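Here the structure is laid out as structure tokens; the discussion comes afterwards.
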Amino acid sequence: MHPTEVKALLESRLDGCEFHIQGEGCDFQVVAVGEVFEGLSRVKRQQLIYGALSDEIASGALHAVTIKTYTPEQWQSAAENQGA
């Protein structure tokens, strides 16, 4: 898979989020930003992303997924957003 494919999958399955995807093959890093994460624990946030990619993970199309999630407010000061 390509980062653009992973991004398209996530965008079609999770409304109101902005995604930044890096990686190749079946190993990707996902940064997700959205109001949907407000008030959720870190585990619940990651479960949302894993749930959206569950078919691809089960099939082996995605093997390793590293996830970081932010609310828009948190994203403003996030290290990944500096200089972006």
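The values are calculated or read from the model by the stated rules, or taken from the named source; none is laboratory data. Fair warning: this is a prediction, and the values are worked out from it, not measured in the lab. All Cβ positions, even for glycine, are placed from backbone atoms using ideal geometry, and neighbour counts span all protein chains on display. We work out accessible area using only protein heavy atoms, side chains counted, and drop any ligands, DNA or RNA first. Shrake-Rupley method; radii C 1.70, N 1.55, O 1.52, S 1.80 Å.
Here are some notes:
- Of the residues making up segment 30-51, those that are open to solvent by 60 Å² or more (accessible area, probe 1.4 Å), under 20 Å from Q76 (Cβ atoms) and in contact with a helix residue (DSSP H, G or I) (Cβ under 9 Å, 6 or more places away or on another chain) are E35, V36, E38, L40.
- Of the helices (runs of 4 or more DSSP H) lying entirely inside segment 30-84, those containing at least 2 residues that are under 14 Å from H20 (Cβ atoms) are 72-76.
Table: residues versus (1) under 17 Å from L9 (Cβ atoms); (2) out of contact with any Lys or Arg (no Cβ under 9 Å at 6 or more places or on another chain).
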residue: I21; (1), (2): yes, no
residue: E24; (1), (2): yes, yes
residue: D27; (1), (2): yes, yes
residue: L40; (1), (2): no, yes
residue: L62; (1), (2): yes, yes
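- Filtered by the rule that a residue be open to solvent by 30 Å² or more (accessible area, probe 1.4 Å), assigned to a helix (DSSP H, G or I) and either touching a residue at least 40 places away in the same chain (Cβ under 8 Å) or touching a helix residue (DSSP H, G or I) at 6+ places or on another chain (Cβ under 8 Å) (or both), segment 1-18 gives L9, R13.
- Close contacts from segment 57-84, counting a first residue that is in contact (Cβ under 8 Å) with a residue 60 or more places away in the chain and a second that is not in a loop (DSSP other than H, G, I, E, B), with Cβ to Cβ under 6 Å and a gap of 6+ residues or different chains, come to L62/E56; E80/V31.
- When G39, G23 are checked against the criterion of being touching a residue at least 12 places away in the same chain (Cβ under 8 Å), at positive phi and of a type outside the set (D, E, K, R), a single residue qualifies: G23.
- Odd one out for I21 among (1) open to solvent by 40 Å² or more (accessible area, probe 1.4 Å); (2) assigned to a strand (DSSP E or B): (1)
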